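The values are calculated or read from the model by the stated rules, or taken from the named source; none is laboratory data. Quick caveat: nothing in here was measured; it's all calculated off a predicted structure. We place every Cβ from the backbone using ideal geometry, glycine too, and count neighbours over all the protein chains shown.
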Amino acid sequence: MASKGRLTYRDAVERTAQVPRPTSQTPRPQKRIVRVTHGIDGLDLWLRDLIRQGLAGLEQKPQAFWEAQAAQLVDAQAPALASRVRQLGHRVGGHPDWPARLLRELGSIAMLTRAFRRIDALPALLQSDVRQLIGWSLTQDEVLASGDSVQDTWTVVGQSASDDGRVRVQRTWLLGVHTERVALVLAFAAGDDAFSPMPTAGTAFDGELVYWPSASPQRALIRTRAHARIARPWPERLPGCDRIDAFHASFTEMLARQPWMDRTLASLRDVTPVHRDGACFVRDAHGDTLPIASAHAWPLLALSGGAPIDLGAEWDGETLTPLAATSAGEYHVLSATANGAT
Amino acid sequence: MTDPLTQWALVGTERQDHIASPPEPLAQSALAKLTDLPLEQRMLLAAGVCGVASTAAGRPLPKSDGDSSPPSANETRPACSAKVARRLEDMLRGHHKELLLEALTLLDGAGLRLPHVLLPLALGVRTPAHRRAVRPVLGERGAWLARINPAWAWVTAGDAPPRDAKDRARENGAPGPDALARAIALAEGVLHFEPPVLTVHPPLRGVGARSFWLSQLLSDIPPSHWTSRFSAGPEVLVRAAEKTEWAAALGEGWTKAALLHQDATWLAELWDFWQRCDEKVVSPAVANAMLVQILQRLPAAEAARCVEPLFGDAKTHIDLSMALCALGTPWPESISVRYIEALHRELRAMSPRWRAILTSLRDAATALSPAELAPALASLGPLATDAGPRALVEFIEVLRIRHELVQEIRP
């Protein structure tokens, strides 16, 4: 029921349906833009309906509620956005702070749809980010043709994985020894399929990476890789931040360039893992701290024994998930998903 | 505490058209801008902006000036090799966990410790046997971790204080002195064929009342009582009992008593009694159960002496696979050698005994004497192919892992 003359979701969907649909004569790229625009129109109205009716009632909604909106986005050829909407259902309940977290994610999606509507006004690289976040994917050839190419000795810091119930994603984090560039190589697998082989965590290789075009480039593909491994495990200290506030400043800069960035690699040197009052965190020499995801804290504490270590971890803006650590000059892979391929 | 913007979003703009209390400045600024947009969209964008700002700021914990707990002390033992560590990690995660106790014992015997990175897994073991085996190989780092995690307090809690013999006997089910005196009086009465004092019906079918109560009463009395009461050794008393119509009841009662009071001399004599007994007098199932229990309590050398003849054609009342299972691990070398011989023999012959051997392979894999691992792998390894029994392939795989551990875990 509309209140104060506002449009309900149902009214709006009907109105959206009146916008001219692409025909067989519409050029294919143009056709997709029209489809996506329709999908985003529907998504915006749906989001506004959620806020109008209040988030409190969402705990009663089945997963099918979220799936239905995600399916509309799939139909609209916006698969990345669809996946994000599907995940919203898992954010409801289960955590005392879920309303604030959900609202933040809804806000992030609203920012993305707003950015899409104003895409021509955005810097070219940010336009590329927005298109990828909505679901336009680049082929490897397109990345190789347009991406930033970087030659370095790349250390394979560690791996992590996630599963949205449909597709499993493996994230392999690389760190350039000379350029100190962070690179993220993704591998995807459905069902029980194995991931395509990735460089083994804890090793290093000389090679050339090409980054996906982005205002804050992070995702990359490996263009060339020298066959001979340099060392296993990597024998030297990794480049990284000696101060937690310096790492934080660099992450803030990345977010300022690309506000939808959800994680990055934190390479922190000489930090001490501490367990106090049931919480685990790492502390640098200046007393600054960052929390460690509780499920991953004990292996790190076991490795450090209360002494400083060098840590490679995935930072999601809230907690660190340790991937690897160097203790007493020895490199240890901590990520549970590390594989031994190649 | 929920922030004002989230509180508003929870209620919904349909029920509340204004924010109840001033939001944080960033949200307020975002709400004030973009006035051409619908209220709900402005709220969403304000939440998005605040979310980015919050992620950028992180959730800084208060500055920490230091840690109250001192760092871990230096290790006094070297860590095991990376190869052994990988095996141990697999076992701690449940793969071939049946080998974990042996591996930990080997590690301790070699004066080695677990690598630090495995300590959280190792500290998570639950059974008392595993905890006893883990404790000496945790090293200083393990003790340090146990001090800061209450869930691992078992490491530093120490063992329970020693209990006296009376406590232990009570725990084993032995009666107290008064009850024992009453039981002896009753048993002697029954043995002299006096009318039983108790007239409760026995709960077991096919067992006479006197036989049942005789067996029950005898099971509480230390067998040494009868040795001194009749001034005769167990061999004489057991042989004499065999000639009576109470043979089964006497045998069962004395066996239970010898098990309870851990009387190895009586147990050895009773092993022979049950092996000799006539199937018309004693059911094979009862004989098998008694023999298995006796084996479990006999000293290792004596148990091995009892089991060795079972590999031949001698008449027996005990199931071979159960007898092997009842032996402690590792098996004595003599048993290990006989087992491998029998395995070879039965593999060739595929006789009915093969099934008994086959069912014992799983236990044999972990129980075979470490000294016999290499010879067994050399002779049986080539026979373990995909065309053969799966149990044999698995048996050889476990032997290979054990052999690797024995070779790798050295001071």
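Suppose we filter the range B:308-340 for residues that are under 14 Å from B:Ser360 (Cα atoms) and in a helix (DSSP H, G or I); how many remain?
Of the residues in the range B:308-340, 14 are under 14 Å from B:Ser360 (Cα atoms) and in a helix (DSSP H, G or I).
Which members of the range A:284-301 meet the condition of being within 8 Å of another protein chain (Cβ to nearest Cβ), in contact (Cβ under 8 Å) with a residue 24 or more places away in the chain and outside any loop (DSSP other than H, G, I, E, B)?
Answer for the range A:284-301, where residues must be within 8 Å of another protein chain (Cβ to nearest Cβ), in contact (Cβ under 8 Å) with a residue 24 or more places away in the chain and outside any loop (DSSP other than H, G, I, E, B): A:Thr289, A:Leu290, A:Pro291, A:Pro299, A:Leu301.
Being within 15 Å of A:Phe251 (Cβ to Cβ) and surrounded by fewer than 20 Cβ atoms within 10 Å (Cβ to Cβ) is the filter here; which residues of the range A:289-314 pass it?
Across the range A:289-314, the qualifying residue is only A:Pro291.
Just give me the residues in the range B:148-157 being facing chain A (nearest Cβ under 10 Å) and surrounded by 15 or more Cβ atoms within 10 Å (Cβ to Cβ), in sequence order.
B:Ile148, B:Asn149, B:Trp152 - these are the residues of the range B:148-157 that are facing chain A (nearest Cβ under 10 Å) and surrounded by 15 or more Cβ atoms within 10 Å (Cβ to Cβ).
Kindly provide the set of residues from the range B:118-145 that are of a type in the set (Val, Ile, Thr) and more than 14 Å from B:Leu88 (Cβ to Cβ), ordered by number. Break it down stepwise before answering.
Restricting attention to the range B:118-145, the residues satisfying the condition of being of a type in the set (Val, Ile, Thr) are B:125, B:127, B:134, B:137.
Correct list: B:Thr127 only.
State which residue is modelled with the highest pLDDT when the search covers only the range B:35-56 and only residues that are at the interface with chain A (Cβ under 8 Å from one of its Cβ atoms), closer than 20 Å to A:Phe247 by Cβ and surrounded by fewer than 21 Cβ atoms within 10 Å (Cβ to Cβ).
B:Ser54
Among the residues of the range B:234-267, count how many are more than 35 Å from the chain's Cα centre (by Cα) and not in a helix (DSSP H, G or I).
4
Among the residues of the range A:132-155, which ones are surrounded by 19 or more Cβ atoms within 10 Å (Cβ to Cβ) and within 20 Å of A:Ala70 (Cα to Cα)?
Within the range A:132-155, A:Leu133, A:Ile134, A:Gly135 meet the criteria.
Determine which member of the set B:Val200, B:Val190 is modelled with pLDDT under 60 and under 15 Å from B:Gly253 (Cα atoms). Please lay out each step first, then the result.
Numbers: B:Val200 fails: under 15 Å from B:Gly253 (Cα atoms).
None of the other options fit; the residue is B:Val190.
Do any helices (runs of 4 or more DSSP H) lying entirely in the range A:28-127 carry at least 1 residues that are free of Cβ contacts under 8 Å to residues at least 40 places away in the same chain, acidic (Asp, Glu) and closer than 25 Å to B:Thr55 by Cβ, and which ones are they?
A:98-117
Select from the range A:302-318 the residues that are more than 19 Å from B:Asn149 (Cβ to Cβ) and in a loop (DSSP other than H, G, I, E, B) and write down the one among them that is nearest to the other protein chains (Cβ to nearest Cβ).
A:Gly317
Can you name the condition, by its number, that A:His332 falls short on among (1) facing chain B (nearest Cβ under 9 Å); (2) part of a loop (DSSP other than H, G, I, E, B)?
Among (1) facing chain B (nearest Cβ under 9 Å); (2) part of a loop (DSSP other than H, G, I, E, B), the lone unmet condition for A:His332 is (2).
Is there any pair with a first residue in the range B:8-23 that is within 12 Å of chain A (Cβ to nearest Cβ) and a second that is among the acidic types (Asp, Glu) whose Cβ atoms are under 7 Å apart and which are 6 or more apart or on different chains, and what are they?
Within 7 Å, the pairs are B:Thr13/B:Glu40; B:Pro23/B:Asp3.
Mind checking whether some residue in the range B:116-139 is within 14 Å of another protein chain (Cβ to nearest Cβ), of a type in the set (Gly, Ala, Ser), outside any helix (DSSP H, G or I) and farther than 18 Å from B:Val406 by Cβ?
The answer is yes, given that some residue of the range B:116-139 is within 14 Å of another protein chain (Cβ to nearest Cβ), of a type in the set (Gly, Ala, Ser), outside any helix (DSSP H, G or I) and farther than 18 Å from B:Val406 by Cβ.
Looking at (1) at pLDDT 95 or above; (2) more than 17 Å from B:Ala9 (Cβ to Cβ); (3) not hydroxyl-bearing (Ser, Thr, Tyr), which is the one condition that is false for A:His90?
The failed condition is (1).
Just name the residue that is modelled with the lowest pLDDT out of those in the range B:334-354 that are basic (Lys, Arg) and touching a helix residue (DSSP H, G or I) at 6+ places or on another chain (Cβ under 9 Å). Steps first, answer last, please.
Looking only at the range B:334-354, we keep the residues that are basic (Lys, Arg), and these are B:338, B:345, B:348, B:353.
Within this subset, residues satisfying the condition of being touching a helix residue (DSSP H, G or I) at 6+ places or on another chain (Cβ under 9 Å) are B:338, B:345, B:353.
Numbers: B:Arg338: 92, B:Arg345: 85, B:Arg353: 69.
Applying the filter and picking the extreme gives B:Arg353.
A quick yes/no check of all residues on (1) small (Gly, Ala, Ser); (2) in the same structural domain as B:Glu102 (by TED's automatic domain parsing); (3) within 19 Å of the chain's Cα centre (by Cα):
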| site | (1), (2), (3) |
| --- | --- |
| B:Leu291 | no, no, no |
| B:Ala304 | yes, no, no |
| B:Leu324 | no, no, yes |
| B:Gly328 | yes, no, yes |
| B:Glu341 | no, no, no |
| B:Arg355 | no, no, no |
| B:Thr366 | no, no, yes |
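Please find, within the range B:77-109, the residue that is nearest to B:Val134 (Cα to Cα) out of those that are surrounded by fewer than 18 Cβ atoms within 10 Å (Cβ to Cβ) and among the small types (Gly, Ala, Ser).
If we take residues in the range B:77-109 being surrounded by fewer than 18 Cβ atoms within 10 Å (Cβ to Cβ) and among the small types (Gly, Ala, Ser), then B:Gly109 is nearest to B:Val134 (Cα to Cα).
Counting just the residues of the range A:78-99 that are buried (at least 19 other Cβ atoms within 10 Å of the Cβ) and over 19 Å from the mean Cα position of the chain (by Cα), which one comes out nearest to the other protein chains (Cβ to nearest Cβ)?
Checked the range A:78-99; the qualifying residue nearest to the other protein chains (Cβ to nearest Cβ) is A:Pro99.
Among the residues of the range B:330-343, write down those that are of a type outside the set (Lys, Arg) and either surrounded by 14 or more Cβ atoms within 10 Å (Cβ to Cβ) or free of Cβ contacts under 8 Å to residues at least 24 places away in the same chain (or both).
B:Pro330, B:Trp331, B:Pro332, B:Glu333, B:Ser334, B:Ile335, B:Ser336, B:Val337, B:Tyr339, B:Ile340, B:Ala342, B:Leu343 - these are the residues of the range B:330-343 that are of a type outside the set (Lys, Arg) and either surrounded by 14 or more Cβ atoms within 10 Å (Cβ to Cβ) or free of Cβ contacts under 8 Å to residues at least 24 places away in the same chain (or both).
Could you list, in sequence order, all residues of the range B:7-29 that are touching a Lys or Arg at 6+ places or on another chain (Cβ under 9 Å) and modelled with pLDDT of 85 or more?
B:Gly12, B:Thr13, B:Glu14 - these are the residues of the range B:7-29 that are touching a Lys or Arg at 6+ places or on another chain (Cβ under 9 Å) and modelled with pLDDT of 85 or more.
Which of (1) out of contact with any strand residue (DSSP E or B) (no Cβ under 8 Å at 6 or more places or on another chain); (2) in contact (Cβ under 8 Å) with a residue 12 or more places away in the chain does A:Asp148 not meet, given it meets every other one?
Among (1) out of contact with any strand residue (DSSP E or B) (no Cβ under 8 Å at 6 or more places or on another chain); (2) in contact (Cβ under 8 Å) with a residue 12 or more places away in the chain, the lone unmet condition for A:Asp148 is (1).
Of everything in the range A:164-200 that's of a type in the set (Gly, Ala, Ser) and modelled with pLDDT under 85, which residue is surrounded by the most Cβ atoms within 10 Å (Cβ to Cβ)?
In this case the residue turns out to be A:Gly165.
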